[in-house]
Every structure is written in structure tokens, then in C-alpha cells.
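Shown next, in C-alpha cells, is the structure this report addresses.
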Amino acid sequence: MDHEGMLWKSPRRMLGSTDAQEIGLMYFVLSFINASFAGLYALLIRFELWTPEANYFDGGADYGATFTLHGTVMVFLVIVPLGAGMGNYLIPRLVAATNADMYWPKWNNVAFWMLPIASLFVWMSQAPIGWTAYTPLSVSTGEPGIDLWILGLVMSGISSTIGSINFVLTIWKGRDPTIGWMDLDLFVWGTFITSILLILSTPSIVIAIVMVFFDRNLNTAFFYNPSAGGPTAPIMYQHLFWFFSHPEVYVMVMPAFGLISILISKYARRKIFGYQGMVGAFIAIGVLSFLVWAHHMYATGINPLVRVAFTTMTFAIAIPSGIKVFNWLTTLYGGKIKFGTPMLFALSFLVMFTLGGITGMYVNIVPLDITLHDTYWVVGHFHFIVAAGSLQAFFGAIYYYWPDMTGKYYHDLTSKIHFWLWSLGNLTTFTAFTLLGMNGMPRRYFTYPDKFQGLHQMATVGAFMMGLSFIFFFVSLFWGYFKGEEVEDYDNLFGLGSGYNFPPPFAERMEEENGESVHVEHSLSLWAGSAGSVLSLPFFGFLALAGTGFFYRGYVKNIPSDLPIFPLVFMAVILILWIGAFVKSIGESDAVPALFGIISTLLAMLTIAGVFARRSLLGYSNYIGLAFFVVFLLWIAAFFNTESKEDKGPSVIDQYKQGRNWEIWTFLASETIFFGILIGVGLAMRANAAPGTWVADQSEVLAVLPTAGNTFVLICSSFTMAKAVEAIKKGNKDDLVKYLGYTIIFGSIFIGFQIFEYINLAHEGEVALQAGATYPVFSSAFYIQTGFHGTHVLVGIILLIFVFLRARQGGYDEEHHEYVEFVGLYWHFVDLVWIILFTIVYLL
Amino acid sequence: MSTETADSAMLEEHHDLPLLQAFVALLILTILEVLFSELNGTIFNGVLLTLTVVKAIVVGAVFMEIAYDKETTRIISFVFVVPFIAVMFLIFTIAADWRF
């Protein structure tokens, strides 16, 4: 690692690095910080459960927050980021990426820097609703931290989506063209399938938890609303949640599958057996993982027909999983095995993952699941897969790549102590869990009947072994880093007779084969790093909306007259940092993000103060929230524009970047899912709405003809956008500016009309969100569908403004105009969505 | 707006797109939609949905230039068909399992 030494000493470098390997290392550090705290929470849980009489959680009141954060953080902020970290660290080299980096280096940085802020949100939330946040509990619980938890997860979802698009593009479009699909390392395949799963499934959970947020704060009636008669569709939440969260399980294990394949092959000193079968299994698992989510819902009394379909699919997914396990075993058979620490973790993975798989198959048998579902059996099964499975793979891989990261070997004895403590701890705890489940111990209770005490104590002993093992893990690595043996022969690592075997870097190959010199540069981009941080600040605006909502709904009976000190101090520290950054960078391009940071932070402080102090600002907090959002959009647009300015002329690398529009197409696939679910959910709500909660005829309450006119305006904007692209393709810069201007005007008219329509509807009171609204379910669907579309139009307008300004300066020409095309595709897509929405919401 | 990179624009074939025709078609189809929405009955709803699908196809094919791209099938499959199938599966399940 060229920059590794400098990275940790320079906050500036950490904030602005676009080097995938450096970002990979930062993912590891963040994940292990989160894992340490989430692990401590697990120990708190086990400490509480040592005896049934223990009561360290205020009669159980805080126990819910403890297991919620343990689960949420381990899933979303430890295992998934570890996969992303490994991907960053390895994939550009495993595919000999043409730019020796991820496809979008700057967005890679943004994706990472959203995660520390998301982590902060989740940790601050102390939400007590379980990691699944099932409705109606998550709606009806008046705990403000739940809103923070939701915002943290939305940020984490955006980060995952950006990261996943980047992985797909790096593997698909950014790899050395001489490396074929069937030449790819299995870890690359695992990450590729994982990324596609995330792109296609993340919109579902974002919609689900945003709906919970709206139900809690804006009086919508998606899942639960007392003023609309109580529960509306709480089970729909579970479908939306698991449509994401089941693929998420595979997101957590497929990178681990890839790493295990590397480790087993290396330490058995044999090529992986049945490579094609392994690739096929990855693809099959990817497809099937979308078809099995409802097996998490048998205990809800799910429709029997649906149940049969999902049971069948779930048994089917055992086949590709079995193929993997048997291929790993066959690789070992006849191999010359060396039992180094990474291999021990890999072998332990095989055992634990198989135990996890087998315990999982039992809960796919419906009668058994109804008995076992809400017991510790499921907790045991899940931990066998993820903690004993995925985490072991990551431990093994980190040990294996430690010499690559640092140039030194880890400390062997302590690593082996780590392994045995961890592995035996896993076996002890999770076996106790499954036995507890068989005996009927329910989940999420802070006390229990005396008969369970022995098994609970067994689980606690195992948990503390795991906690202790973490210390040996860190000792082994840091001892290695500071005093470890230097690596002398990278072609004979660990005495295995081979090295990492990365394919030759693209630039080197080009130079050797063609004599062409390829310049690869890992630039520092404070724009990108700051964007990641600034992206988080507008979320405080939404938090302000939440605060207002609580006030209106009467959840908060006695708002304290004093200001909330902690958030304000926190924001004040951020403000001082931004001011410092601004003063230091006056006259440089870095001053602009710092200025954005100052403005956003000030707005956040005003909002928080206003909401909580019930001063006159309270009434305006919604508008301040909106202002945040605009600042956020401006920021995105500014960032977008900066990227363009840094474009260089075509190089030998660019010639291999065929099909660059796939950047936007991949994003639009995710958007199709997003709007598809929004529209589909609206239709399902319509078909099943309770009498009187949905309008009989939309034309009686909505302004159909004026909206038809507005639809025409948006079509006009699409036409002018298409003309703009056509103009620049012919090199006509004046026409480009002209048509972009028209597009902005048409877009603004559209959004202006929509705001006017909202004000009118709120005034009339039929299609509205206040308590006692005539059509609560229709109103909820109407506002979320048209509102999200309007937000997309607003984003499009801001992007267009920046492209317009750059076009006026002559920034695009016949050959270099890809950002005009990107914005154009996005704009047309938004138009296409409206065409469908108009018919479904207004006409049908 | 083909999938070819702008950097290799010299390799790109330029098509004269029927932008104006598409625009006029969209205008007419929108008017027809509003007219049909005044009529009640399943068949008219079917017509209305068909008109909407045709409009969406026109925007995708002409304005987004999917019909003129070298990777038309791949774009349609990845951006529209696969997500659509996934969404349909989810929504039909939600509808079949709707409970209060």
C-alpha cells in the first residue's frame, strides 16, 4: 500500500481519498469500531440473562434498545460494510481494472462517508423496536429515536446502492477486457451478484421505513393510523421489509462464499473444484433469494397458497447452497492442506454454515416454524449463518491479506487463540440458543423461567469467549503490524508456494504489450468526502419534520422548555469544524463544500432549537426542513458538475470504457423498482382499502384536466431535453443552451403547478393528511406517489441548472457531453414515470 | 443517446430521431387518455392502460433512444423487464396476502 502510512495520519486524506484500497481499509476500521460496540451490547444482553432475576435494564425498558441496536448495527453497519470493504480492497486488482480503481472513485468515497454518519444516527437513536421494526409497534411507539433510526438506515441504504452500482460497473465495464466472465475470481462473482441484489432490493426497505416515518409523523395511513381507524396494512410492511431483508442475508454471505473459496483453494493448494458449478450456484442463489422472502412470515398466518409457493422455493435454494459446500469439500479432498489461521477459519465456516443451513431447513417446515419461529431457535440459526459463518470468513480473509495490507505477517499464536476462542464460543452460544428454542424459550425477553437458566448460562459463557477472542484478534494484528515478521517473498506467502495471484495490472500489461504508457492517478477529492458528510445534514431537516409531527399528534405532551443541549453541542462542534475548514481553504475550490457545510449546520441548529423550544420558529420548521433538502440537492448538483470539470481528454483507458451510459442505466434499474413498488403498493391499497377510505371517483376530488395540461408540460420538457442532446451531438452549443433553458422552464412550471395543487387540496381538506381527513388511505398513496415523483423532478431541475450553466461556458462539445446524456436519460425516465402515474392516480 | 461512450463518439452512428413525431404522438395520446377516462367500463380502462403503455414506449424508444441503441435488448431486460417481474411478484404476493 503506497498511501497506507499517510492515510491514518491525515484526516484530509481520509476524507478525500478516492483510492479503493484506502477506502477498503476505512470500511474495515469503521466496521470493527461498530462491531466492538455492538459486541459490547451483546455482552450486556448475555450479562442480563445470566440469571432470571437480573434487572439491569430498568425493568426491561432499555433491553429492547440493546437488542435492537445489536442486531441493526451488526447487520447493516458491520457485516455489509465488511463485504464492501473487501470488495474495495480486492476487486479493482482482481479484475485488473482499467483505471486501477473503482469505476467511480469519487462516488466510492461518498458512499463510504455516508456510513459513519448513518452509524452515528443509529447509535444515537436507541430505538427499542427490534431490527425488523415491525408495524404497528414501530408506528405506535412514541419514541422519537425511531425516526433517527429510520434516517440512519435510509442513509445506509443510499450508501449501499451507490457502492453496489460502482461494483457492478467496475466488474462489468471497468475490468481488463482480456479477462472473461468465466475467468473471474469467485469473490468477484460473489460481489457482483451481491451488488445486483442490493440495487434491486434496497428500494423496498427504503419505501417501507419511509412509510413508517410518514405514518409516525405525517399522519399517513399505510400501516397504522389511529385517526384512520387503527391498523391499515401492517402485514404489507413485513412483505416490503423481507423483500429486501431476505436477499440481504445473501448479501451478507455471498462475499463470504467468495472469500472462503479463495482461502480453501490457497490452503489446500488446489484449484477450486467445479468452478462453473460454483458460478451457477451464485447466480441461482441470487435469483432464488428474491423468491423466498415470505418464509419469514409463516407465523403471521399467511395465505396458504402463498405459503406453499414460498416453502417450495425455499427448499429449492438448498440445492445451490449444497453445491457450494460439496465443491469446497471436494476441493479439500486430495489437497495438500496447510492449517494456517485463515484455513482454520475457512474450515470452521464450513461446519458452522452447514449447521446454520440445517437449522434453517427446519423452520421452512410450516408446522415446525409456527412452533419455533418466535423462539431462540431462529436466533441460533441466524447467528450460525452470519456470526459463525460470514464473520469467520472475514476474519480468515483479513489474516490472509494482512501481509498485503501492511507488508508484515500477523502474530500466529494469538491468531490461533483468537480462532479457538471465537469458534468454540460460537458453537457453545449458538448451540445453547437452538436448544433453548427447542424448549420454547421466546425471543426478546429480559427474564425467563428457572428451567432455562443452565442453557442461558451456557450461552453467556460462549458469548464472553467470543468477546475475549476479539482482544486476541486485535493483539495479533497490531503485534504483527508493529513487530511482525516482514514479508520477504510474496510468491511464497505463508510457505504455501504461491502468492496472491492478482492478474497483471492493466497499465502494466498495456505497457508490456503495446508499449503504451498509461497514467493512473488516485486523486484526492475533498469535494467527494465533504459531500458524504454534507449529505447527512439535510436529514436533520427531516428530523425537524418528525419533531413537528410529534408535536401535532400529541405524542410529546410536555415539550421541555429548555433547549436540547446534546444535539446542539454536537452540531456546534460540526459547525466549528466547517468554519475551520472554510477559513483554511478560502480561495481554493475546497471552500465551497465548507460553505455548504456551514449553511447546512446553521439550518440544522436553528431547526432543532426551533422545534424543541416551541419558539416562533416552530411553525416554520417544515419550511426549514425543505430548505435543507434544497441545500442537499444543490450540493449533489455541485458535486456532479465538479466531476465534469475534472474530465480529461480520452486516453487509452477510455477506449475500453465502452457503454458508459450503463452508469445511469444501472441507477435507473433501481429507480424502476422504487417507483414500481410505490405504484404497485398504491394499487394494492386501492384494491383492499376499507370502505370510505378511498375515493370512488378521483375526478371528484382531483383536478384532472389541469393535471392533464401539466402532463403535457412535462412531455414538452422531455421533447426539449431530447432536442438539447441532439443539438450537442451535432456540436451545436447554442441550441444546447437554448433547449436546456426551455427544459428548466417547463420543469419548473410542472413543479410549480404541483405545489399549487397540494396547497389547494390541503385547503379543501378531502385529500389531506390531517386527522379526520375524508380519504386517509387514498391521500397517503396520492401524496407518497406524487411527492416522490415531484422530488425527482426537483432533483432533475437542479441537475439541469448546473448542466445549463456549464453549457453556457462552452463546457460540452460534440465528443464530450456524457453528463448531458446522463441528465437527459434521468429526465426522460422521470417523465415516463409520470405518464404512468397520471393514468393510475388521476384517470383510472 | 446510445450506450456508446461520448469519448468514442467518432465510432457512434448518428440517427435522425423522429423527435417531433414522437412529441405530436404523445400530445394526441394524452388527449385520447383524458377522453377515454370520461367513459366508464372495463374495456375503456383497458384502452386507457394500453394508451399509457404506448406513451411510455414512445418516450423510452425515441426520447431515451433505446430503440436506436446497440444494446436495446440488454437495456430493456435489465432496466425494465427484470425489475418489473420482481415488482409484480412482490405486489401480487402483497395483494394475495392482504390482511388488516
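A few comments on the model shown:
- Condition met for A:L825 (within 31 Å of the chain's Cα centre (by Cα), closer than 26 Å to B:A61 by Cβ, more than 12 Å from every other protein chain (Cβ to nearest Cβ) and crowded, with 19+ Cβ neighbours inside 10 Å): no
- Scanning region A:345-358 for residues that are open to solvent by 20 Å² or more (accessible area, probe 1.4 Å), more than 23 Å from A:Q276 (Cα to Cα) and touching a helix residue (DSSP H, G or I) at 6+ places or on another chain (Cβ under 8 Å) turns up just one, A:L355.
- Taken over region A:652-673, residues that are touching a Leu at 6+ places or on another chain (Cβ under 6 Å) and at pLDDT 90 or above amount to 1.
- Close pairs (8 angstrom Cβ cut-off, 6 or more residues apart or separate chains): farther than 21 Å from A:F756 by Cα in region A:690-710, open to solvent by 30 Å² or more (accessible area, probe 1.4 Å) and assigned to a helix (DSSP H, G or I) anywhere: A:W694/A:R686
- Taking region A:323-344 as the range and being touching a helix residue (DSSP H, G or I) at 6+ places or on another chain (Cβ under 8 Å), open to solvent by 10 Å² or more (accessible area, probe 1.4 Å) and over 22 Å from A:F472 (Cβ atoms) as the test, the residues that pass are A:I323, A:V325, A:N327, A:L329, A:L332, A:G335, A:K336, A:I337.
- Verdict on A:S261 being closer than 30 Å to A:L347 by Cα, more than 14 Å from chain B (Cβ to nearest Cβ) and not hydrophobic (A, V, I, L, M, F, W, C): yes
- Complete set of residues in region A:793-822 that are more than 14 Å from chain B (Cβ to nearest Cβ), open to solvent by 10 Å² or more (accessible area, probe 1.4 Å) and touching a residue at least 60 places away in the same chain (Cβ under 8 Å): A:L794, A:V795, A:I798, A:L799, A:I801, A:F802, A:F804, A:L805, A:R806, A:R808, A:G810
- Search result, residues across region A:272-287 that are aromatic (F, W, Y) and part of a helix (DSSP H, G or I): A:Y275, A:F282
- Members of region A:692-702 found to be open to solvent by 40 Å² or more (accessible area, probe 1.4 Å) and either within 12 Å of chain B (Cβ to nearest Cβ) or modelled with pLDDT of 90 or more (or both), listed by number: A:A696, A:D697, A:S699
- Remark: A:V767 matches the filter, which requires a residue to be among the β-branched types (V, I, T), touching a residue at least 60 places away in the same chain (Cβ under 8 Å) and closer than 30 Å to A:M236 by Cα.
- Unique match (being surrounded by 14 or more Cβ atoms within 10 Å (Cβ to Cβ) and either more than 25 Å from A:F37 (Cβ to Cβ) or of a type in the set (D, E) (or both)) among A:L436, A:L421: A:L436
- Residue check, A:K723 surrounded by fewer than 19 Cβ atoms within 10 Å (Cβ to Cβ), basic (K, R) and within 14 Å of chain B (Cβ to nearest Cβ): no
- Scanning region A:437-451 for residues that are in contact with a Gly (Cβ under 9 Å, 6 or more places away or on another chain) and either of a type in the set (A, V, I, L, M) or modelled with pLDDT of 95 or more (or both) yields a count of 1.
- Flag if A:K738 is touching a Lys or Arg at 6+ places or on another chain (Cβ under 9 Å), assigned to a helix (DSSP H, G or I) and more than 9 Å from chain B (Cβ to nearest Cβ): yes
- The residues listed here are A:G676, A:G682, A:G731; of these, the one that is outside any helix (DSSP H, G or I) and either modelled with pLDDT of 95 or more or not hydroxyl-bearing (S, T, Y) (or both) is A:G731.
- Against the conditions (1) more than 36 Å from the chain's Cα centre (by Cα); (2) surrounded by 17 or more Cβ atoms within 10 Å (Cβ to Cβ); (3) without any contact (Cβ under 8 Å) to a residue 12 or more places away in the chain, A:K733 satisfies every one except (3).
- Only one entry in A:I745, A:I755, A:I759, A:I749 is open to solvent by 10 Å² or more (accessible area, probe 1.4 Å), out of contact with any helix residue (DSSP H, G or I) (no Cβ under 6 Å at 6 or more places or on another chain) and either of a type in the set (K, R) or closer than 15 Å to A:L800 by Cα (or both), namely A:I745.
- Residue under evaluation A:S390, criteria (1) over 27 Å from the mean Cα position of the chain (by Cα); (2) under 23 Å from A:V251 (Cβ atoms), criterion not met: (1)
- Boolean, A:L15 is touching an Asp or Glu at 6+ places or on another chain (Cβ under 6 Å) and modelled with pLDDT under 90: no
- Residue list for region A:829-843, restricted to those being at the interface with chain B (Cβ under 7 Å from one of its Cβ atoms) and either without any contact (Cβ under 8 Å) to a residue 24 or more places away in the chain or among the hydroxyl-bearing types (S, T, Y) (or both): A:L832, A:T839
- Count of region A:120-154 residues which are among the small types (G, A, S), modelled with pLDDT under 90 and crowded, with 24+ Cβ neighbours inside 10 Å: 3
- Among the residues of region A:762-792, the ones that are open to solvent by 20 Å² or more (accessible area, probe 1.4 Å), part of a helix (DSSP H, G or I) and of a type in the set (F, W, Y) come to 2 in all.
- Yes/no for A:T178 being surrounded by fewer than 24 Cβ atoms within 10 Å (Cβ to Cβ) and over 12 Å from the mean Cα position of the chain (by Cα): yes
- Some residue of region A:709-717 being surrounded by fewer than 23 Cβ atoms within 10 Å (Cβ to Cβ), within 14 Å of chain B (Cβ to nearest Cβ), aliphatic (A, V, I, L, M) and more than 27 Å from B:E33 (Cβ to Cβ): no
The values are calculated or read from the model by the stated rules, or taken from the named source; none is laboratory data. Computed from a prediction, not measured in an experiment: that's the story for all the values here. Neighbour counts run over all protein chains shown; Cβ positions are idealised from the backbone, glycine included. Remember, those area values only see protein heavy atoms, side chains included, never the ligands or the DNA or RNA. Shrake-Rupley method; radii C 1.70, N 1.55, O 1.52, S 1.80 Å.
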